[in-house]
1. Go through segment 177-184 residue by residue and turn each phi into a ³J(HN,Hα) via Karplus (6.51, -1.76, 1.60, θ = phi - 60°); whole Hz please, and just put x for glycine and proline.
2. So if I average 1/r over every pair of distinct C-alpha atoms in segment 291-356 and take the inverse, what Kirkwood radius in Å does that give?
3. Determine by what factor the alpha-carbon radius of gyration of segment 175-294 differs from 2.2 N^0.38 Å, reporting the quotient.
4. Enumerate the amide H contacts of residue 353 below 5 Å, restricted to partners 5 or more residues apart or on another chain; note that Pro and chain-start residues carry no placed amide H.
5. Quick one: if the Förster radius is 41 Å, what FRET efficiency do residue 107 and residue 80 give, using the C-beta to C-beta distance and rounding to 0.05?
6. In segment 88-186, what percentage of the DSSP-assigned beta bridges are antiparallel, given to the nearest 5?
7. Could you give the spread of the C-alpha atoms of segment 88-149 along their three principal axes, from largest to smallest, in whole angstroms?
8. Taking only the C-alpha atoms, wrap a convex hull around segment 236-303 and report its volume per residue in Å³ as a whole number.
Amino acid sequence: MALPQPSPDPTTTDPNRLSPPPAIEAEQSPSSSSSSGVNIPPTPETNGNRGSQASRKRSRTQLENPPVEPTTSTTQRPVLRKRPHFLRPPLRNGHVLRLERHLQHHDLFLRVEPPPSQHEMVYKTYHRIVSYTGLVVNEWVRIHSQVPVLRFLLPDELTAAPIGRVSRGALLADCWSELTPETKRQVVDSLRGVVNKMRRTLPPAQLQGYPIVGSVITEGYSLLLQKGAGTTYWAIRQRPRAAHFTAFMLSNLRPGLPEAVADSIASQISRTSPLVLSHGELSPSNIVVLNGSVVAILGWDCGGWYPDWWDYVNFFEAHVDHRNRDWFDYASDIFDDMYTNELVAFQAILRNQTPR
């Protein structure tokens, strides 16, 4: 006859019990201490001791409101920076009036002819319009840099007659499509050297130590220029920096453009770019070549001291004949650095500016 089995202790079978029954605790305690032969004192209860917390029965409050582990997000939502603020225009004093005079233009007749040994090429005469700014910047470049340019009169030396000049060689816009791949490579390498000379040119003494952006600068007043679609935007400000030039371009955006769009465009443009001697329109129509080398850079009407990405983004705005479309393929061979963010931003600016 089987003896009756004792009924199980509910304290040992209760699945909701968080700690072993007292009898088991009493049995486990001496065995754990005797295994090492050292009496281990009980560990004091601390907030950081997970083992001691798990060995105690939790209150109803703890069960109903379990602690929530803090979570940290590895991704943060990007914050869109507001576009830079454009400086207020100065009062129209003598310096401002002098800079406004540089917006005037004058006629130029440029005759480009081949060297005497190449009689198969016929000289050509081009009628161009040159601004007073272009004349001033061209003369400064001729004196203070190693960039090849022609010599022109300064605005104070002009008369009512047009300017006339002769240059040996050929305009690159007329001969690019007829050049062999080897000669194209020579021209591109020569132009790369010219661009590097421009970027190494030291600024005028008045700008050293205080980078002022602009084309013509006098007593801290600067003439800012940007060639757009069918127009040239301009402004005069006191001691503008690179970020102010970005604000200048954005100030000409069409009315009604959402602020988020303008801020997104501005966020792609560096606000601390170094200023370098820039041309503003390095296109085949402004380059004279001879025997595979660049012998003159024309058209400094929007040149001056601008952010280092300025010539790169304007390179793709050149008006070229359909036969010269491969000109844009040589951008990476002409410029040491690619300013892709600024290029995208500048394209967006051009497409959203208000025509004048």
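1. 5, 8, 6, 6, x, 5, 5, 4
2. Numbers: mean 1/r = 0.0718 Å⁻¹.
After inverting the mean inverse Cα-Cα distance, the result is 13.9 Å.
3. Against the compact-globule rule of thumb, the ratio is 1.32.
4. Answer set, sorted by chain and number: 254.
5. Numbers: r = 47 Å, r/R0 = 1.15.
The computed FRET efficiency comes out at 0.30.
6. On the way: 8 of 14 bridges.
DSSP beta bridges in segment 88-186 are roughly 55 percent antiparallel.
7. Sorted largest first, the three principal extents are 57, 26, 17 Å.
8. Numbers: hull volume 9.8 nm³, N = 68.
Residue-normalised Cα hull volume stands at 145 Å³.
No value in this document is a laboratory result; all are computed from the given coordinates. Quick caveat, the model's predicted, so the values are computed rather than measured. Cβ coordinates were reconstructed from backbone atoms using ideal geometry, including for glycine residues, and neighbour counts include every protein chain displayed.
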